[in-house]
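Quick notes on the structure that follows.
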Amino acid sequence: LPTQENFDVDGGLDQDIFDINEDLGLDLFEGDIRLDGAQDRNS
Amino acid sequence: IVGEYRWPHTIPYVLEDSLEMNAKGVILNAFERYRLKSCIDFKPWAGEANYISVFKGSGCWSSVGNRHVGKQQLSIGQNCDRIATVQHEFLHALGFWHEQSRSDRDDYVSIMWDRVMSGREHNFNTYNDQESDSLNVPYDYTSVMHYSKTAFQNGTEPTIVTRISDFMDVIGQRMDFSDSDLLKLNRLYNCTTSLSFMDSCSFELENVCGMIQSSDDNADWQWVSQVPRGPESDHSSMGQCKGSGFFMHFNSSSVSVGATALLESRTLYPKRGFQCLQFYLYNTGSENDQLNIYTREYPADNVVGTLTLVEEIKEIPIGSWQLYHVTLKMTKKFRVVFGGVRGAGASLGGLSIDDINLSETQCPHHIWHITNFTQLIGSPSGTLYSPPFYSPKGYAFQIHLNLSHSTNAGIYFHLISGANDDQLQWPCPWQQATMTLLDQNPDIRQRMSNQRSVTTDPLMTTDNGSYLWDRPSKVGEVAFFPNGTQFRRGQGSGTSVFITHKRLKSRDFIKGDDVYILLTVEDISHLNSTPVQPTPTSTVKDLCTNFTCENDGICIVQNGKAECRCQSGEDWWYMGERCEKRGSTRDTIVIAASSTVAMFALMLIVTLISVYCTRKKYRRRISSNTAAMTLENQHAF
């Protein structure tokens, strides 16, 4: 870690759940929902 | 979600080893919020058919509802270790969709489709009321399940615009359950109680929450809305509401030194064996006036009860409401007793109490009380350091609150040099610091406190090669307390986006221009060890070492041969030499049904063929007889 007065666990970014998942390239349903087979077809 | 997707009220879970240590502690803290505000509880998995497996996957995600698949995964990946994120993902698992996907959302928000990232429009679907049921609760802009205004935006303009503009910066809160979240959750699961809530009292009703005046004292507590020498108003509403705003007052100026006034709670029935009593106290009497906290315990055969002094609260600051916590360890029916005592010295007023909350939770270890707060927000002087505190393990620490930024408040945990450092382990191993900005709502169940945690990882190093959590006197900077005493402060760890100033000014975070930061530093090293595996005997070790069982199968040695014992549940099982195949009662039924149908079809075909052949044979015989008959007749003519 850079030697500085404070280590920022968020890297200075106020990321919501969906931002974190988007940055990871996850295209989950509504950003953070994992559908099983049946739901996937419905959706 | 409509349908039978509920879990039992106590949900079996597994915290997989892949989880980060901080995440494990945060998840357990999130469970405590469910236990306080709903009837949902959690227990380590003990073989139940369905359970939630929390692991460190990529990102933060969950399924919606109990999918009845046995092991149901929920991912708390990197950067997901925030308590409200965990609450959000578990609400999905409990059966919640996102708030803005309700069938009636267009009455309350507008989706700006041209500002949505292309290909992400499906994230703004709505469900018809056959798939999603809002349980007769109005649309909730404050839900922890609501997207923020920036969700899936392709630029800088908001993708969601609330029809009531005041809610634009409310949606997307990730602090805690909203009241409506809890209303839906408690309706969905038919909750009537909660595991850890016991009582909350703001003295607004004349029955004073069933509290009673004791007869073993010299004076009574009075139910008042203001006292000439202060406080001018109660703590619950701070005098904002005419006709309400009551509290209890012990007028010490009217009694002699040493006189007491006892106020006893109603009888309470503990479940967990540990409690945290929280209340606000205001002193306008003598600086030697004190408040004693007792418990009156009722063992089975004792109707009078045994009075035990738990804590003496002395040196109560004059002229302002102060928050106090008292830890109790009651296991039998009991009352809490507030004992006001007149101290030596002049008194022109007395003691006042308000906003009592009792819950079977752990009290915070320390309270950082910040006064004259509002002026510090966004100000260059808004860089605050707390007084020094000691963790239960003896580590000295300090909190840094940075309000000087224009939009966000930052908060950091620092280890500092302390009296016990020679006896402590360095680098500091697995102490989880939890920092909570208290929402001072009178009722603990309605508080949406903002909380973040960091954990001291003893192996974490900075780029100059030193350990981040090493002894502050070795790696820290020189610093000074306000009284000029020099000490060493280690590098801080926390977040620059703890809370926005807008949210900080909302709700009851600031009350009477006072703010409270609750602090807990807990040793979570016990969460580090994977469950101790039975030490393998030599044969098991040799034969099973190179024999892998899939799908969590367990390798055993049977008759000198390595074999797999497969996992199974209520209606599913794994099979095969390596547990590679999955079976379920549903599959069996399908197989049985299809083989019955196949058998029936085969029988039908055989029957049809045999009928056809028989008829053909019969017809042939008839026609040959007829021919013979004709020949005979010819001769006959």
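The values are calculated or read from the model by the stated rules, or taken from the named source; none is laboratory data. Nothing here was measured: the structure is a model prediction, and the numbers come from that model. In this analysis, Cβ positions are derived from the backbone assuming ideal geometry, glycine residues included, and neighbour counts consider all displayed protein chains.
Specify the residue that is surrounded by the fewest Cβ atoms within 10 Å (Cβ to Cβ); the eligible residues are those in the stretch B:85-94 that are facing another protein chain (nearest Cβ under 10 Å) and either modelled with pLDDT under 95 or under 17 Å from A:Asp14 (Cα atoms) (or both).
Looking at the filtered set, the residue picked out is B:Thr85.
Looking at B:Tyr390, B:Tyr395, which is the one that is crowded, with 18+ Cβ neighbours inside 10 Å, in contact with a Gly (Cβ under 8 Å, 6 or more places away or on another chain), at pLDDT 95 or above and of a type in the set (Ser, Thr, Tyr)?
Checking each option against the conditions leaves just B:Tyr395.
Quick one: count up the residues across the stretch B:341-379 that are in a strand (DSSP E or B) and among the polar types (S, T, N, Q).
Result for the stretch B:341-379: 3.
Among the listed residues B:Asp179, B:Asp140, B:Asp169, which satisfies the condition of being within 14 Å of chain A (Cβ to nearest Cβ), closer than 27 Å to B:Asn441 by Cα and in contact (Cβ under 8 Å) with a residue 24 or more places away in the chain?
Testing whether each residue is within 14 Å of chain A (Cβ to nearest Cβ), closer than 27 Å to B:Asn441 by Cα and in contact (Cβ under 8 Å) with a residue 24 or more places away in the chain leaves just B:Asp169.
How about the stretch B:249-282: which of its residues are more than 38 Å from the chain's Cα centre (by Cα) and either at positive phi or not in a loop (DSSP other than H, G, I, E, B) (or both)?
The answer is B:Ser252, B:Ser253, B:Ser254, B:Gly258, B:Thr260, B:Ala261.
Name the residue that is farthest from the other protein chains (Cβ to nearest Cβ), counting only residues in the stretch B:63-74 that are of a type in the set (A, V, I, L, M, F, W, C) and crowded, with 21+ Cβ neighbours inside 10 Å.
Of everything passing the filter in the stretch B:63-74, B:Leu74 is farthest from the other protein chains (Cβ to nearest Cβ).
Between B:Ala409, B:Ala433, B:Ala419, which is among the aliphatic types (A, V, I, L, M) and more than 30 Å from B:Arg503 (Cβ to Cβ)?
Details: B:Ala409 fails: more than 30 Å from B:Arg503 (Cβ to Cβ); B:Ala433 fails: more than 30 Å from B:Arg503 (Cβ to Cβ).
The conditions single out B:Ala419.
Please go through the stretch B:151-166 and give me each residue that is in a loop (DSSP other than H, G, I, E, B) and either away from every other protein chain (no Cβ under 12 Å) or surrounded by fewer than 20 Cβ atoms within 10 Å (Cβ to Cβ) (or both), ordered by number.
Scanning the stretch B:151-166 gives B:Asn154, B:Gly155, B:Thr156, B:Glu157, B:Pro158, B:Arg163, B:Ile164.
What single numbered condition from (1) at pLDDT 95 or above; (2) within 13 Å of chain A (Cβ to nearest Cβ) fails to hold for B:Ile444?
Result: B:Ile444 passes all but (2).
Please find, within the stretch B:32-57, the residue that is surrounded by the fewest Cβ atoms within 10 Å (Cβ to Cβ) out of those that are of a type outside the set (Gly, Ala, Ser) and in a loop (DSSP other than H, G, I, E, B). Step through it out loud before you land on a result.
Taking the stretch B:32-57 and keeping what is of a type outside the set (Gly, Ala, Ser), we get B:32-37, B:39-45, B:48, B:50-52, B:54-56.
Now restrict to residues that are in a loop (DSSP other than H, G, I, E, B): B:39-40, B:45, B:48, B:50, B:56.
Numbers: B:Cys39: 17, B:Ile40: 24, B:Trp45: 16, B:Glu48: 14, B:Asn50: 20, B:Lys56: 17.
Taking the candidates together, the pick is B:Glu48.
So that you can scan it fast, the table gives a plain yes or no per residue for (1) more than 21 Å from B:Asn190 (Cα to Cα); (2) free of Cβ contacts under 8 Å to residues at least 12 places away in the same chain; (3) acidic (Asp, Glu); (4) in contact with a strand residue (DSSP E or B) (Cβ under 6 Å, 6 or more places away or on another chain):
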residue: B:Ser18; (1), (2), (3), (4): yes, no, no, yes
residue: B:Asn22; (1), (2), (3), (4): yes, no, no, yes
residue: B:Gly25; (1), (2), (3), (4): yes, no, no, yes
residue: B:Pro44; (1), (2), (3), (4): yes, no, no, no
residue: B:Asn50; (1), (2), (3), (4): no, no, no, no
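Does any residue in the stretch B:480-492 that is touching a residue at least 12 places away in the same chain (Cβ under 8 Å) come within less than 6 Å, Cβ to Cβ, of a residue that is assigned to a strand (DSSP E or B) and among the hydroxyl-bearing types (Ser, Thr, Tyr) six or more places away or on a different chain, and which pairs are these?
Close Cβ pairs satisfying both conditions: B:Gly492/B:Tyr412.
Conditions (1) among the aromatic types (Phe, Trp, Tyr); (2) within 14 Å of chain A (Cβ to nearest Cβ), marked per residue:
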site: B:Leu28; (1), (2): no, no
site: B:Trp45; (1), (2): yes, no
site: B:Phe55; (1), (2): yes, yes
site: B:Ser58; (1), (2): no, yes
site: B:Trp61; (1), (2): yes, yes
site: B:Phe96; (1), (2): yes, yes
site: B:Gln100; (1), (2): no, yes
site: B:Asp106; (1), (2): no, no
site: B:Ile111; (1), (2): no, yes
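Please work out which one of (1) touching a residue at least 60 places away in the same chain (Cβ under 8 Å); (2) out of contact with any Cys (no Cβ under 6 Å at 6 or more places or on another chain) is the condition B:Asp301 fails and give its number.
(1)
Tell me whether the stretch B:404-423 contains one or more residues that are over 30 Å from B:Ser194 (Cβ atoms), surrounded by fewer than 19 Cβ atoms within 10 Å (Cβ to Cβ) and either within 11 Å of chain A (Cβ to nearest Cβ) or touching a Phe, Trp or Tyr at 6+ places or on another chain (Cβ under 7 Å) (or both).
yes
From the residues in the stretch B:481-507 that are in a strand (DSSP E or B) and more than 11 Å from every other protein chain (Cβ to nearest Cβ), which one is farthest from B:Thr436 (Cα to Cα)?
Here the residue is B:Gln486.
This table checks each residue for (1) assigned to a loop (DSSP other than H, G, I, E, B); (2) at pLDDT below 80; (3) polar (S, T, N, Q); (4) exposed (fewer than 15 other Cβ atoms within 10 Å of the Cβ).
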position	(1), (2), (3), (4)
A:Phe7	no, no, no, no
A:Gly12	yes, no, no, yes
A:Phe18	no, no, no, no
A:Gly25	yes, no, no, yes
A:Ala38	no, yes, no, yes
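I need a count of the residues in the stretch B:75-84 that are surrounded by fewer than 23 Cβ atoms within 10 Å (Cβ to Cβ) and either touching a Cys at 6+ places or on another chain (Cβ under 6 Å) or at the interface with another protein chain (Cβ under 9 Å from one of its Cβ atoms) (or both).
Summing the residues that are surrounded by fewer than 23 Cβ atoms within 10 Å (Cβ to Cβ) and either touching a Cys at 6+ places or on another chain (Cβ under 6 Å) or at the interface with another protein chain (Cβ under 9 Å from one of its Cβ atoms) (or both) in the stretch B:75-84 gives 3.
Could you please let me know if B:Ser453 is under 26 Å from B:Asn29 (Cα atoms) and within 11 Å of another protein chain (Cβ to nearest Cβ)?
yes
For the stretch B:581-591, does any single residue satisfy the condition of being modelled with pLDDT under 80, within 40 Å of the chain's Cα centre (by Cα), small (Gly, Ala, Ser) and surrounded by 10 or more Cβ atoms within 10 Å (Cβ to Cβ)?
For the stretch B:581-591, residues modelled with pLDDT under 80, within 40 Å of the chain's Cα centre (by Cα), small (Gly, Ala, Ser) and surrounded by 10 or more Cβ atoms within 10 Å (Cβ to Cβ): present.
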